[in-house]
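Here's the structure, in C-alpha cells; my notes come after.
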There are 6 protein chains.
Amino acid sequence: MPRLDGRKNNELRKVNIIRNYIHHAEGSVLIEFGNTRVICTASVDDKVPPFKKGTGEGWVTSEYSMLPRSTQTRNVRDISKLKKSGRSNEIQRLIGRSLRSVVDFRQLGERTIIIDCDVIQADGSTRTAAITGSFIALMDACSYLVDKKIITGIPITDFVAAVSVGLVNGQEMLDLCYEEDSNATVDMNVVMTDNGKLIEVQASGELAPFSRKELSSMLDLAEAGINNLIKIQKNTLLGGYK
Amino acid sequence: MPRLDGRKNNELRKVNIIRNYIHHAEGSVLIEFGNTRVICTASVDDKVPPFKKGTGEGWVTSEYSMLPRSTQTRNVRDISKLKKSGRSNEIQRLIGRSLRSVVDFRQLGERTIIIDCDVIQADGSTRTAAITGSFIALMDACSYLVDKKIITGIPITDFVAAVSVGLVNGQEMLDLCYEEDSNATVDMNVVMTDNGKLIEVQASGELAPFSRKELSSMLDLAEAGINNLIKIQKNTLLGGYK
Amino acid sequence: MPRLDGRKNNELRKVNIIRNYIHHAEGSVLIEFGNTRVICTASVDDKVPPFKKGTGEGWVTSEYSMLPRSTQTRNVRDISKLKKSGRSNEIQRLIGRSLRSVVDFRQLGERTIIIDCDVIQADGSTRTAAITGSFIALMDACSYLVDKKIITGIPITDFVAAVSVGLVNGQEMLDLCYEEDSNATVDMNVVMTDNGKLIEVQASGELAPFSRKELSSMLDLAEAGINNLIKIQKNTLLGGYK
Amino acid sequence: MPRLDGRKNNELRKVNIIRNYIHHAEGSVLIEFGNTRVICTASVDDKVPPFKKGTGEGWVTSEYSMLPRSTQTRNVRDISKLKKSGRSNEIQRLIGRSLRSVVDFRQLGERTIIIDCDVIQADGSTRTAAITGSFIALMDACSYLVDKKIITGIPITDFVAAVSVGLVNGQEMLDLCYEEDSNATVDMNVVMTDNGKLIEVQASGELAPFSRKELSSMLDLAEAGINNLIKIQKNTLLGGYK
Amino acid sequence: MPRLDGRKNNELRKVNIIRNYIHHAEGSVLIEFGNTRVICTASVDDKVPPFKKGTGEGWVTSEYSMLPRSTQTRNVRDISKLKKSGRSNEIQRLIGRSLRSVVDFRQLGERTIIIDCDVIQADGSTRTAAITGSFIALMDACSYLVDKKIITGIPITDFVAAVSVGLVNGQEMLDLCYEEDSNATVDMNVVMTDNGKLIEVQASGELAPFSRKELSSMLDLAEAGINNLIKIQKNTLLGGYK
Amino acid sequence: MPRLDGRKNNELRKVNIIRNYIHHAEGSVLIEFGNTRVICTASVDDKVPPFKKGTGEGWVTSEYSMLPRSTQTRNVRDISKLKKSGRSNEIQRLIGRSLRSVVDFRQLGERTIIIDCDVIQADGSTRTAAITGSFIALMDACSYLVDKKIITGIPITDFVAAVSVGLVNGQEMLDLCYEEDSNATVDMNVVMTDNGKLIEVQASGELAPFSRKELSSMLDLAEAGINNLIKIQKNTLLGGYK
C-alpha cells in the first residue's frame, strides 16, 4: 500500500534548499521537506556564554519557533502566553546539540554562532528539516568567517543531517508528513554524520511500546535517508565547500 | 541626485505579491517592497472579543513581529525578553486600525479575522508593506468564507494600501528603504483607500520639525504611491475579486 | 450646537498646571485638561542607553501609565497581566519622541532624563496633556541641572505642546473629552513647537476615512490650540525661565 | 530633644483627607500624613473570588503600588521588572486583612470591593496612611451602594485606622517620617478599631531586638495616635455617616 | 578499572523507595538512586485538558523541577528568571510520555493525574529516578481511586522503569552518577516496560558520535538494569498490587 | 478540652531536626514540627547586593516556597503563574529579617548566605519551622566558612527561633497545626532570641480583633515555646558549636 502522497516507505519527500535566503545573515537557507518549510539563519556573535569565557573556544546555540499560522490551526505566539512552548524548548536543545557535535570550538575561536530555525509552514518533520538546513547555514557562516579572515579554516568536522522515521499502520516509514506523524505509534528522530555515526537517537512509543528489532529496522531506514540528505547537502554546497 | 538604488523620489521599489503562500491559512501572501519581505496570513476564528459578543458583528485584529535575523544585527526574540517590543505594539495597532476601517463587521458576522504579519527580511517600510499585503490576505480569507457559504458577500468596503514617505537630505521621497529611513529627518506613514480618502497619517519629525507645506508635499507623494499600490493589489486579485 | 460642556469647537478645556508637585523629583507637575489629570515627573539619571555611551550626548525617555481607577471602569494593572498595554506603549513612544525633538543632547551631556506620566484621572486627551505637562517638568529638571552647575545652559531649543482634535458629529473639535473622543469618527493628536512647526501628526479614521481638506481644517484648529497651550506654559514658567 | 520637624514623640504629622478625589471611583480619597500622599480608591466589582462564589458573601481586596518618583530616587516600575515587589505584596496583604476585619460580608452581598492604594509621594508610613485613607474610601463606596439601593445598610462594623511607631535613638516615636524610619532600630505598624481593639501588630527589630516593655510602650503610643486618627476620620465623614 | 564508587559497569546504585512520603498526595514516594533523591507525587484532578473533554478519557501530565540547592552550585529558581528551564521542560515531557504509555485512559475516566517530580538532591540520572519513582506514585494514586470506588480497576497496563547508560572513558556504564555523566561522551536514557518493550530511547553523542554497535551494547545494559528496577518496584508494591 | 492531637495548649509538637540533609549545601537541615516538614539550606555566595558592595560587610537573604503537593490540594507552581505568591513573598521577607538580626555582617565579610526554605509537607506553622531550622543551616554554613578559614569566627550573635500562637475557640494555643490555624480568630508569629528579646511580632486578627491582654498572654506562650525550641537547637548543634 503506497503512502498518502504515493511515496515508498523508504523515500524522502522532495528536498529543496535555497542558500543566502536572508541577505543580512552570515548564513541562511530556506529548506523544504515537501510542504514543510523552515528558514534557518546563522548569526555570528562576538560573545560567548559565561562557561566559555577565556577558554579560547566558541559555542553554537539554537532557537526554534513556529510562525502562528505555520500549522493547521493558528497557534498563539509564545510572547502572548509569556512562555516558550515545552516542545520548542525540546527541539531547540536537540538542534543545538546536533550541530555542536561537529564543530571544532577551538578553531571557531571565542565567538558564538546562533542558529535560528523559524518554521514558515509545518507538515511534519520540522525538527529534522531544521537540523539539515541549519547545517548549511552554519557552513555558510563559517565560510563567511574564513572569507573575512576572522578564522583560518572551516571549523566543521563532519556533515550532519537528520530524518524522522516512524511506525505507521504497522509499517516503518521514512520522513513522516504531518498526517503520518499523527497516526504513528512510534515516532523517531535520528541525527547522523556523513561517516554513518549516530549523534542523536530519539524514539518514542507513547502510543505503543516497540521492540529492539523494530528500533533496528527504523535505524536502517534512517541511515539510508540521511545518506541521501547529506548528498543533497553536498550538491547544495558544491563550489562553496569541498 | 538619484536615490541609492537609482529610483526617482516619487518611485516605489519593485512590489511583488505571492498569494496563497502558506497552505494552512484562509488567506496568506508573501509581499516584497524591494528587499523588505513580509509574510501576511489571515486566520478565521469563530470567537470575537468580549465587547463584540452577542452583537452579531465581527472583528479584525493584527499581530506584527520580526524574525530575529530579519534585521542587520540579530534581534533577541520577544519571548527571551518576556516583552513584546514597544515598536511592534505600535505597528500592530496601526495595521489593525487600518484594516478595520474597510471591514463591514455586520456582514462579517460574529467571527474574528486575525492578521499575522511576520517580517522575514527588513529593509525599511515593513509596516506599510504589511498593511498592503495584509489587505490581500484579508480579501482571500473573506473569499474563503464566501466560497464556504459561511457569509454571503465580501464584507470589504474599499481597497486599502499604505506607503512611507520622508524628508531625506531635504528632499521628499517615497517608499523609504532602511538606509534612507535612517537618514530621514521626517518619517511618515500614510494609509489610504481606493477613493483617495485618508485612513491613517502618522508623521514624526523627531530629528527636525516640519512645516504644513512639507506635510502637504509628502501627502501628495504618498497619494500617488498608494494609487499605484492599489493598482498592483487589483492586478494581483484579478479574477478572484471584482 | 454647543459641546457637551458648553465649549466652542475651537476652545480648550480649562488648563491647570501645578509645578513642583512631587518634592523628590528634579522636575514635576500636576497638569489638568478639564477633568483629565496627569502627574508628570522628570528624573535625572547619570546613565545613558548603550547607543549613547561615550558620545558625550544625553537622552530623554518616557513612560506612561494609568492608575487602575483613573478610568470609568477599573483597569487591571499591567503587572497583574504581566504586560504593558499596547496603548501605553504607543503613547509613551509618542511622548518620548515629542520631547526629544527639542532637546540639545550635546548640551545635556551624557545623562538621561526619564519622564514619567501617570494618569490620575482620565477624561480624554491624556497623551496631549502628558506631553504639554512633561515639557514643564523637563524644563524644571534642566533648570535644576543648571542651578547645580551640572550643565551650563538649558538644553531646550523650543517650546513643545500637544492637543487633540477630532471630527465629532461632522464637526471639527479641539481638545476632546472622553465622551467626544468615543463618538469621533476621526481622532487626531498634534504636537507642535512655539514657532508653528509640526513635530508629530497622528490622525486616525478607523470609523470613517477623511479627506485632505478635513485634515487641513483639523490642523488649523490644532495650531491655534497649541499656541494657546504654549502661552499657558510660558505663564507657568514665568520668572523661572525666559 | 525635639524631632526633625519639631514634633513631640507622641505627635502625629498633619493629616489631610480629600474625599471624592477621583470622580470615576465609587469611593476615593487623597490622604496626606505630612509629606506622605496616597490616593486610595474603592471600586465595586460584581464578581467574587472562587472561594466566595455561591456563599452570598462579598470580599474586600487591596493592591498597593508606588509611582516611580514617589521616592527619593526613581524606582523602576513593577512591569519593567515583570515582578510585583515583595514589599508591595506584603503591604497590600496587610491593607486587605485590616479592612476585611471590619466588613460584614453577608451584608455586603456577593460583590468585591477593590481597594487601590497608589503612593504619589512617600515620606514614611505609607502603609498606615493607606489603611487610614482606604477606610474612608471603603465607607464611601458602601454609601454609594446604599444610595443606589444595592445594599440596605453600611456593612462596616467599626472604624479602622493605622499608625507607625518606632524606637529611634532610644526613644519611642509616633508616625515616623522617612528619615526617622531609616534610623529606627525597631519599626512597628499597628492597626486598631474605634473601640481600642487590635487588628494587626507588626513589630520588627531587624537592627536590634526589643523587650516586652518596649513593645508595650510603643503600643501605648500607637493606641493614642490611632484614637486621634479615628477622630479625624469621623470629622471627615461627618454628615455622610454617623 | 572499577567505577568511582566501586560499582561494576552493569551495576545499579542502591535504590530506595519510600511510599506514602507526603501525606496529602493520593500517591507519593521518595526515591533514591544512590545520592540522587526525588520526591514524586501523584495528584488526582477532576478536570482534563480541552482535547480530552467529553471523550470519557483521562490524562496524565508531569512537572519536573529541582530545589535550588539540589545541585553542587545553587540554581536560581525558575520564578526568579520567569522561565521554566529548557532542560526541565525536556525532562517533564519525557516523564509524561513515559507514564502515559502504560495508562488505559478509558478506564481512568475523565480525570487527570498530575505527577510532580521535585529533585531534592541531584547526583546524576534524576530523570530516570523520577520516572521509576513516579510509576509507584501513579500506581498508588490509582489504588486510591479504586479504594474510593471512583474507578473499578487499576488502569495501568504494564510496569515502567527507566535507567541511564553512557559511554564513559570508552566503557559502557549503567546508571551514571553526576561525575560519570559529566565525563560521558555518549549519554542515553532508556524507558522500558516489564515485558522488555521500549517506550523511549534518547541517546545523545554531543561530545562524540557513536556507532550502531555501541547503541546496541548500551541498550543491552539498559534492559538488564530496567529489569532489576522493575523487580524493585514489584517488591515495593508487594501486597498493594499484584 | 485537649487539642486535636491531644497536646496541651502550651505544648509544642514533636520537633525533629536532621542536619546535613543535602550534601551539596554548606548548611542544610530537614526540620519537622509534627507533620510540617521543611528543607532549609544555606548557600554561600561570594557576591553581595549592590548596597553592600565595598562596605566589607555581608548579607543574608531568604527564599521560601512550597512543593505543589505539600498542601491538601495541589498548588499550581509559581512558574506556571509567572508570579511568586504574595504569601511566599511575605514569609521569605520575614525569614530574612529574622536571621539578619543576629548576624554580624562585618565578621561575615563581603559574602551572602542565601537561605532556601522549601516546604515538603505543610501542616501549619511552616514559617516558624523554617526560621527555626534555617538558623541551624545558617550556623552550619558559618562553621563551614570557619573550617575553611575563610572567616575567623562564627558571625552569629545569638540564637533565634520562632513559634506560632493563636486564639482558637477562645483559648490561646502554641504551635498551631493546619486545622487549628484555619479556626484561629487571631494568628500570631513570634521570633525571639536566646536572651528573651523580641525580633518579630506579627499578630493578625482578621476574623476578630483582640485585646492588649490577649496579646500579652499569647506572647507569654510564645516565649516559653521559643525557649524550648532554642534548647532543641542547642542539643542539635552540641559538639558543633558552643
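The values are calculated or read from the model by the stated rules, or taken from the named source; none is laboratory data. These numbers come from a predicted model, not from an experiment. As a convention, Cβ positions derive from the backbone with ideal geometry for all residues, glycine included, and neighbour counts pool all protein chains shown. These accessible areas exclude ligands, DNA and RNA; they are computed on the full protein's heavy atoms, side chains included. Shrake-Rupley method; radii C 1.70, N 1.55, O 1.52, S 1.80 Å.
Numerical summary
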item	result
Qualifying positions in the range D:127-149 - open to solvent by less than 10 Å² (accessible area, probe 1.4 Å) and farther than 21 Å from D:His23 by Cβ	D:Thr128, D:Ala129, D:Ile131, D:Thr132
Test for C:Ile22: is it within 11 Å of chain D (Cβ to nearest Cβ), surrounded by 18 or more Cβ atoms within 10 Å (Cβ to Cβ) and either within 30 Å of B:Thr73 (Cα to Cα) or without any contact (Cβ under 8 Å) to a residue 24 or more places away in the chain (or both)	yes
F:Cys117 vs. criteria more than 10 Å from every other protein chain (Cβ to nearest Cβ) and either among the basic types (Lys, Arg) or under 21 Å from E:Lys81 (Cβ atoms) (or both)	yes
Residue in the range D:101-112 that is touching a Leu at 6+ places or on another chain (Cβ under 6 Å) and touching a residue at least 24 places away in the same chain (Cβ under 8 Å) present	no
Any pair with Cβ under 7 angstrom, 6 or more apart, that starts in the range F:193-211 at a residue that is more than 7 Å from chain D (Cβ to nearest Cβ) and ends at one that is outside any loop (DSSP other than H, G, I, E, B) and at pLDDT 95 or above	F:Asp194/F:Ile230; F:Gly196/F:Glu223; F:Leu207/F:Thr185; F:Ala208/F:Thr185; F:Ala208/F:Val186
Qualifying residue in the range F:196-211 (condition: part of a helix (DSSP H, G or I) and of a type in the set (Lys, Arg))	no
Flag for E:Arg93 being touching a helix residue (DSSP H, G or I) at 6+ places or on another chain (Cβ under 6 Å) and at pLDDT 95 or above	yes
Some residue of the range A:171-182 being within 24 Å of E:Asp104 (Cα to Cα) and either among the small types (Gly, Ala, Ser) or under 15 Å from the mean Cα position of the chain (by Cα) (or both)	yes
Conditions (1) over 29 Å from C:Asp104 (Cβ atoms); (2) touching a residue at least 12 places away in the same chain (Cβ under 8 Å); (3) surrounded by fewer than 23 Cβ atoms within 10 Å (Cβ to Cβ); number of the one not met by C:Asp220	(2)
Single residue of the range B:162-192 satisfying the filter (within 14 Å of another protein chain (Cβ to nearest Cβ) and part of a helix (DSSP H, G or I)) that is least open to solvent (accessible area, probe 1.4 Å)	B:Ser182
Positions within the range B:95-114 being surrounded by 24 or more Cβ atoms within 10 Å (Cβ to Cβ) and either within 14 Å of chain C (Cβ to nearest Cβ) or within 11 Å of the chain's Cα centre (by Cα) (or both), in sequence order	B:Ile95, B:Ser98, B:Leu99
Whichever residue in the range F:1-50 is among the β-branched types (Val, Ile, Thr) and not in a strand (DSSP E or B) and, among such residues, is farthest from F:Met139 (Cα to Cα)	F:Val48
Boolean, E:Ser98 is among the small types (Gly, Ala, Ser) and within 25 Å of E:Ala184 (Cα to Cα)	yes
Some residue of the range A:138-156 being more than 13 Å from the chain's Cα centre (by Cα) and within 14 Å of chain E (Cβ to nearest Cβ)	yes
Close pairs (9 angstrom Cβ cut-off, 6 or more residues apart or separate chains): among the charged types (D, E, K, R) in the range F:128-156, open to solvent by less than 10 Å² (accessible area, probe 1.4 Å) anywhere	F:Asp140/F:Gly27; F:Asp140/F:Ser28; F:Asp140/F:Val29; F:Asp140/F:Ala42; F:Asp140/F:Leu237
Number of positions in the range C:51-72 that are among the hydroxyl-bearing types (Ser, Thr, Tyr), more than 8 Å from chain D (Cβ to nearest Cβ) and not in a loop (DSSP other than H, G, I, E, B)	3
Any hit, the range F:198-216, residues being open to solvent by 10 Å² or more (accessible area, probe 1.4 Å) and under 17 Å from the mean Cα position of the chain (by Cα)	yes
Some residue of the range D:73-91 being assigned to a strand (DSSP E or B) and more than 11 Å from chain C (Cβ to nearest Cβ)	no
Those residues of the range C:233-242 which are buried (at least 18 other Cβ atoms within 10 Å of the Cβ) and among the aliphatic types (A, V, I, L, M), in sequence order	C:Leu237
Qualifying residue in the range F:163-185 (condition: in contact with a helix residue (DSSP H, G or I) (Cβ under 8 Å, 6 or more places away or on another chain) and closer than 16 Å to F:Val60 by Cβ)	no
Residue among D:Gly133, D:Gly225 that is on the phi < 0 side of the Ramachandran plot, touching a Cys at 6+ places or on another chain (Cβ under 7 Å) and part of a helix (DSSP H, G or I)	D:Gly133
Number of the condition not met by D:Ile17 [criteria: (1) surrounded by fewer than 20 Cβ atoms within 10 Å (Cβ to Cβ); (2) within 30 Å of D:Pro155 (Cβ to Cβ); (3) away from chain C (no Cβ under 12 Å)]	(1)
Scope the range C:94-125; condition touching a Phe, Trp or Tyr at 6+ places or on another chain (Cβ under 9 Å), among the charged types (D, E, K, R) and not in a loop (DSSP other than H, G, I, E, B); matching residues	C:Arg100, C:Asp116, C:Asp118
In the range F:48-78, residue farthest from E:Ile115 (Cα to Cα) [restricted to those that are open to solvent by less than 20 Å² (accessible area, probe 1.4 Å) and among the hydrophobic types (A, V, I, L, M, F, W, C)]	F:Val48
